[in-house]
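To start, the structure itself, in structure tokens.
The values are calculated or read from the model by the stated rules, or taken from the named source; none is laboratory data. Everything quoted here is computed from the prediction, not taken from an experiment. Cβ placement follows ideal geometry from the backbone for every residue including glycine, while neighbour counts extend to all protein chains displayed. Just so you know, the surface numbers come from the protein's heavy atoms only, side chains and all, with ligands and any DNA or RNA stripped out. Shrake-Rupley method; radii C 1.70, N 1.55, O 1.52, S 1.80 Å.
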Amino acid sequence: YVYGNRAEYDGNTNEARVYSPIVKVVDGDALLYTYNFSFNTAEKIGTYTGGGVLVHDNDILESQRGYYYSDTHDIICVEDVEIHGSSYDTKSDSVIYNTDTKFARFFTNSEIWDVDGTYLSANEGFYDNALNMYKVTLNGYILSEKQEVWGDTLTYFRSHEHVIAEGNIQMDDTEQKILAFGDYAEYWGLEKSALLTRNPVAIGYDTTE
């Protein structure tokens, strides 16, 4: 459902345009508020420009423009994207978010602040709400209170504080004062244990004088 003050429809292009100071788009329990909205009735794709806000459960997505696919319930948010969720905040150049699954895929210049204080950055990755898991797959970086991890691919299971790192790994454990390098590593925060393999190197250091 699309709500506005006035609408125009072109049957040749299957394009409907809705005009209003604020246009409201309703799809189940997801609400999109925007200024300029058009909808292709044949392709079932909506387009918004000039800024838009999607409100879904406890998640709020903001972006300058975007595309909404009513068949798959995917919204592609582009330019100055921000997600404010109940457990994390994200800034990115572009995000694909599914209103059915809350699965969010993020791309270039992405930064994530988790509610537990963990910070992640990457140029590609996703958040899987069902698994409560982040996965960053390009230029990944994770910063927690006591550890820093770099790697080609980083998987972080939030509820278990479990990190899996693969490819060109660098780890700095400031609590244990250890630098580690390798191509595969796992860290379990609850157990405070780690595994490092595939060309592993570990260096201990002490910053006290």
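At-a-glance table
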read-out: Solvent exposure of the chain as accessible area per residue, Å², 1.4 Å probe; value: 54 Å²
read-out: Expected-Rg normalisation [2.2 N^0.38 Å, Cα atoms] applied to the stretch 32-86; value: 1.08
read-out: Projected label distance in nm at residue 186 and residue 139, using a 7 Å step from Cα toward the beta-carbon; value: 3.0 nm
read-out: For the stretch 36-105, size of Cβ-based charge dipole, Lys and Arg +1, Asp and Glu -1, in debye; value: 100 debye
read-out: Extension reserve of the residue 193-residue 130 stretch, reckoned as 0.36 nm per residue once the Cα distance is removed; value: 20.1 nm
read-out: Exposure of residue 25 as accessible area (Å², to 10), given a probe of 1.4 Å and all protein chains; value: 20 Å²
read-out: Residue of 150, 113, 188 that the Gaussian network model of the chain assigns the largest fluctuation, springs spanning Cα pairs under 10 Å; value: 188
read-out: Long-range HN-HN contacts of residue 129 with modeled amide H, under 5 Å; value: 103, 104
read-out: Whole-Å distance, taken between Cα centres, linking the stretch 179-209 and the stretch 106-166; value: 17 Å
read-out: Under 20 Å from the residue 15 label point (7 Å along Cα→beta-carbon), backbone N, the stretch 44-67; value: 44-52, 65-67
read-out: Virtual spin-label span in nm between residue 202 and residue 111, 7 Å along Cα→Cβ; value: 3.3 nm
read-out: Read-out volume of the Cα convex hull per residue in Å³, derived from the coordinates shown; its label in (i) 126; (ii) 135; (iii) 199; value: (i)
read-out: Distance cut-off 18 Å, percentage of C-alpha pairs in the stretch 1-102 lying past it; value: 44 percent
read-out: Apportionment of accessible area to carbon and sulfur, the stretch 91-209, percent (1.4 Å); value: 50 percent
read-out: Rg/Rg_ref, the stretch 86-177, where Rg_ref = 2.2 N^0.38 Å and atoms are Cα; value: 1.03
read-out: Kirkwood hydrodynamic radius of the stretch 2-50, Cα pairs, Å; value: 10.9 Å
read-out: Solvent-free Debye scattering, log10 I(q)/I(0), computed from the Cα coordinates of the stretch 132-209 at q = 0.16, 0.17, 0.18, 0.20 Å⁻¹; value: -0.53, -0.59, -0.67, -0.82
read-out: When the convex hull of its Cα atoms is projected in every direction, mean area for the stretch 58-117 (nm²); value: 3.9 nm²
